[in-house]
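These notes are about the structure you will find just below.
The values are calculated or read from the model by the stated rules, or taken from the named source; none is laboratory data. Model, not experiment: these values are computed from the prediction. Don't worry about glycine lacking a Cβ; one is built from the backbone with ideal geometry, like all the others, and counts go over all protein chains shown.
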Amino acid sequence: MKQDYFEEIAEYILENQKRFYRIAYSNVGNPQDAMDVVQGAILKALEHSRDLRDTGALKTWFYRILMNESVNFLKKNRRELLVEEPLEESAAVFEPEDGESEDIGEKLKCLPTETQNIIRLRFYEELSLQEIAEVTGRKLSTVKAKLYRGLRALRVEMEGIAL
Amino acid sequence: MKRMEESRKMYENMVIPEELEGMVEECIRQARTKRAESLKEETGGEKAEGIETGEKRIGKSQAAGRNTTGKIFRWAAGIAAAFLVVTTVGLNTSEAFAMEVQKLPVIGDLAKILTIRSYERTEGDTHITAEIPGVELGESDNGLSKEVNAQIEKMTSLYEEEAIQRAEEYKEAFLATGGTEEEWAEHDIQIKVWYEIKCQTENTLSFVVKGTESWTSAYAETRYYNLDLKSNSFLSLEDVLGTDYKSVADGQIQAQIEEYTKAGETFFTPEEGGFTGITGDTSFYLNEKGNPVIVFEKYAIAPGAMGEVEFEITR
């Protein structure tokens, strides 16, 4: 029988469920839908536990499922009510305001969804760029370019950031 | 970089619904049961029995006896209350308060569906947009239009009322859990009631009336109307598919579920409250081709992330 990491996956999910929720919430924007997305991702991962080749890839494998689930959810539920198209990448440069009101989290929401996710995965979830490339299915160079552009739009000083 | 650190802290302080942990455990439990079943099938029983031992083993009778028909998947109510992080929904809303009657003839001369009331209004912090439809069926109308219109009126006004109530409860909970009025003001609470025409021919009219709320999809309401304009009556699946409508539809749905599953989608098993067959009351509409499309509401046969699930049945 093929190797199956069901138990390892289950354990990983239990340990990291709050991370998944935060990612899902950031994508879909409300608690119920975030719960639905997390649930969908968990069920898919466990159902396809045999697709995971080795446990070293567990994290990127699961994040990828979670991201796909979020994207699919948004596609299916694209009601006029909820989603407004994000600004084109070039358009979003923010004027820095008085120190206090510069909340990156809020500004982040104005960037294209994929860029938002790349920034969150890099700085909130501390994934490496290589890992993000695996999660998003993008080339490493594409991930880098999107990250740079996003950070520039956010006017985050890039010195000292390990890219 | 300091700002990034701060924003990360805020991110990590996001309020997590209490229901998350239970949901995750339940998912794992269900997946484990499902897996044990499929291992048994694959290995002819004996081997699987050996693998699933101790507390991990969940007997079939137990799973069936639980009979929660997917209820565990419907944690929805109450989560919004535990929710603190402020999100602004990007949507342009006109403050205009408009109440007008519009007539949009759609179907020939005899029967038509029209917007009988269209309005925008604000109640407290809640913005309501409504387009309430009604049907007119011409001379041969035997009272069907009256019945349909009364149903629509009742459903839409009840939905609106309840959605406003939910918005108020949401606000209360938001303030009670430490949110401020200013933060609340950033919420853009919207309720929308509208309709869509699915199919219109000389003989049939199929349309759907919907109610949605901008802050949650858990209470969305959908009602389908399929009318036979010749006999002025409601169309049933039996009228469309014939007397063996049930087996025809069940067979095609089962096949489509298998296709979806192959493509990686997840459905509940019958034990979890998944698809077991349609009934005469199962929701459907007619698409442009005139084929019935059977609709299962969110959570009915698949996890919530699948949303509504539709199956076109070919005749």
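Keeping to the stretch B:2-18, report how many residues are within 7 Å of another protein chain (Cβ to nearest Cβ) and touching a residue at least 12 places away in the same chain (Cβ under 8 Å). Adding up the residues that qualify gives 2. Screening B:Ala305, B:Ala249, B:Ala300 for residues that are in a helix (DSSP H, G or I) and under 18 Å from the mean Cα position of the chain (by Cα) leaves exactly one candidate, B:Ala305. Taking the criterion of being within 14 Å of chain A (Cβ to nearest Cβ) and not hydrophobic (A, V, I, L, M, F, W, C), would at least one residue in the stretch B:198-210 satisfy it? Yes.
Taken residue by residue, the stretch B:242-251 has no member that is touching an Asp or Glu at 6+ places or on another chain (Cβ under 7 Å), crowded, with 17+ Cβ neighbours inside 10 Å and touching a residue at least 40 places away in the same chain (Cβ under 8 Å). On the stretch given as the stretch A:1-40, residues that are of a type outside the set (A, V, I, L, M), more than 8 Å from chain B (Cβ to nearest Cβ) and more than 23 Å from B:Arg8 (Cβ to Cβ) total 7. Is it the case that some residue within the stretch B:169-184 is modelled with pLDDT of 90 or more, crowded, with 19+ Cβ neighbours inside 10 Å and either in contact with a Lys or Arg (Cβ under 8 Å, 6 or more places away or on another chain) or among the hydroxyl-bearing types (Ser, Thr, Tyr) (or both)? Taking every residue of the stretch B:169-184 in turn, none turns out to be modelled with pLDDT of 90 or more, crowded, with 19+ Cβ neighbours inside 10 Å and either in contact with a Lys or Arg (Cβ under 8 Å, 6 or more places away or on another chain) or among the hydroxyl-bearing types (Ser, Thr, Tyr) (or both).
Is there a residue being at pLDDT below 85, surrounded by fewer than 13 Cβ atoms within 10 Å (Cβ to Cβ) and not in a strand (DSSP E or B) anywhere in the stretch B:188-201? Taking every residue of the stretch B:188-201 in turn, none turns out to be at pLDDT below 85, surrounded by fewer than 13 Cβ atoms within 10 Å (Cβ to Cβ) and not in a strand (DSSP E or B). In the set (1) closer than 23 Å to B:Thr261 by Cα; (2) in contact with a strand residue (DSSP E or B) (Cβ under 7 Å, 6 or more places away or on another chain), the condition left unmet by A:Asn30 is number (1). Which of the residues that make up the stretch B:117-136 are modelled with pLDDT of 85 or more and either part of a loop (DSSP other than H, G, I, E, B) or of a type in the set (A, V, I, L, M, F, W, C) (or both)? Answer for the stretch B:117-136, where residues must be modelled with pLDDT of 85 or more and either part of a loop (DSSP other than H, G, I, E, B) or of a type in the set (A, V, I, L, M, F, W, C) (or both): B:Ile128, B:Ala130, B:Ile132, B:Val135.
The rows are residues; the columns are (1) at pLDDT below 90; (2) more than 20 Å from B:Glu21 (Cβ to Cβ).
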residue: A:Asp4; (1), (2): yes, yes
residue: A:Glu7; (1), (2): no, no
residue: A:Ala10; (1), (2): no, no
residue: A:Arg19; (1), (2): no, no
residue: A:Ala24; (1), (2): no, no
residue: A:Gln32; (1), (2): yes, no
residue: A:Gln39; (1), (2): no, no
residue: A:Leu46; (1), (2): no, no
residue: A:Trp61; (1), (2): no, yes
